[in-house]
1. If a residue must be farther than 20 Å from Glu113 by Cβ and surrounded by fewer than 13 Cβ atoms within 10 Å (Cβ to Cβ), how many such residues does segment 64-80 contain?
2. In segment 81-97, what residues are exposed (fewer than 14 other Cβ atoms within 10 Å of the Cβ), in a loop (DSSP other than H, G, I, E, B), at pLDDT 90 or above and not basic (Lys, Arg)?
3. Of all residues in segment 51-63, how many are open to solvent by less than 70 Å² (accessible area, probe 1.4 Å) and touching a strand residue (DSSP E or B) at 6+ places or on another chain (Cβ under 9 Å)?
4. Could you give every pair whose Cβ atoms fall below 9 Å, whose first residue belongs to segment 79-96 and is over 26 Å from Thr45 (Cα atoms) and of a type in the set (Asp, Glu), and whose second residue is modelled with pLDDT of 95 or more and buried (at least 18 other Cβ atoms within 10 Å of the Cβ), counting only separations of at least 6 or pairs across chains?
5. Which ones in segment 101-146 are small (Gly, Ala, Ser) and touching a residue at least 24 places away in the same chain (Cβ under 8 Å)?
6. Return the residue satisfying two criteria in turn: it lies in segment 18-44 and is of a type outside the set (A, V, I, L, M, F, W, C) and either free of Cβ contacts under 8 Å to residues at least 60 places away in the same chain or open to solvent by less than 50 Å² (accessible area, probe 1.4 Å) (or both), and of such residues it is nearest to Thr80 (Cα to Cα).
Amino acid sequence: DHRVMIITGPNMAGKSTYMRQVALIVLMAHIGSFVPADSADIALTDRIFTRIGASDDLYGGQSTFMVEMSEMATILKFATPKSLLILDEVGRGTSTFDGLSIAWAAVEYIAGEKCGARCLFATHYHELSELEGQLAGVVNYRITAREMGEDVIFLRKIVPGGADRSYGIEVAKLAGLGDVPPSARVLVARESG
């Protein structure tokens with residue numbers, strides 16, 4: 001019932017860390033190691049595929065986005081129902097609608113009978129939350145955050161349901177970009193509904 005988890009939530013809230021942790025625990029269990037849990041029910045896994053981070057191969061003539069797409073093509077070609085896929089921000093290297101279309105198609109393929117892999121799919125494309133209930137095995141989870149005045153506190157907790165925003169403006173402020181003009185806040189509010 002939870003074969004494909006679409007994970008949304010704020011920037012810097014821990015989505016990537018959570019997914020890496022799951023992959024490491026699966027790997028540890030398969031080599032006979034103890035895992036950091038009172039108990040764990042971990043299915044037999046033939047391969048762990050990851051698509052995390054940005055890199056390019058400019059010497060080989062591949063942009064960051066081309067490397068991402070090549071890696072995704074390889075993952076989708078070789079993944080089986082016993083594979084674990086850790087996919088982080090698929091489609092972010094191109095325009096919003098192209099990226100959303102690529103991410104949507106990837107989730108549909110992974111959840112379908114031809115692939116059927118288990119997958120953690122972190123994304124800021126909140127539209128992918130619509131796939132819960134439309135595709136068998138697809139469920140929404142989010143990393144929680146709490147707003148206190150103008151501050152955002154990342155709770156680093158994963159709970160059922162989809163997030164409705166990513167707090168990109170707030171994270172930009174934390175990074176030192178300073179005050180964001182009010183016109184940018186209006187644009188973000190319109191995009192998130």
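The values are calculated or read from the model by the stated rules, or taken from the named source; none is laboratory data. In this text the structure is predicted, and so the values were computed from the model without any measurement. Here Cβ is always computed from backbone atoms with ideal geometry, including for glycine, and neighbour counts include all displayed protein chains. Remember, those area values only see protein heavy atoms, side chains included, never the ligands or the DNA or RNA. Shrake-Rupley method; radii C 1.70, N 1.55, O 1.52, S 1.80 Å.
1. 2
2. Scanning segment 81-97 gives a single hit, Pro81.
3. 4
4. As it stands, the answer is none, since no pair meets every condition given.
5. Passing the criteria: Ala103, Ala106, Ala111, Gly116, Ala117, Ala122, Ser129, Ala136, Gly137, Ala145.
6. Once the filter is applied, the top-ranked residue is His30.
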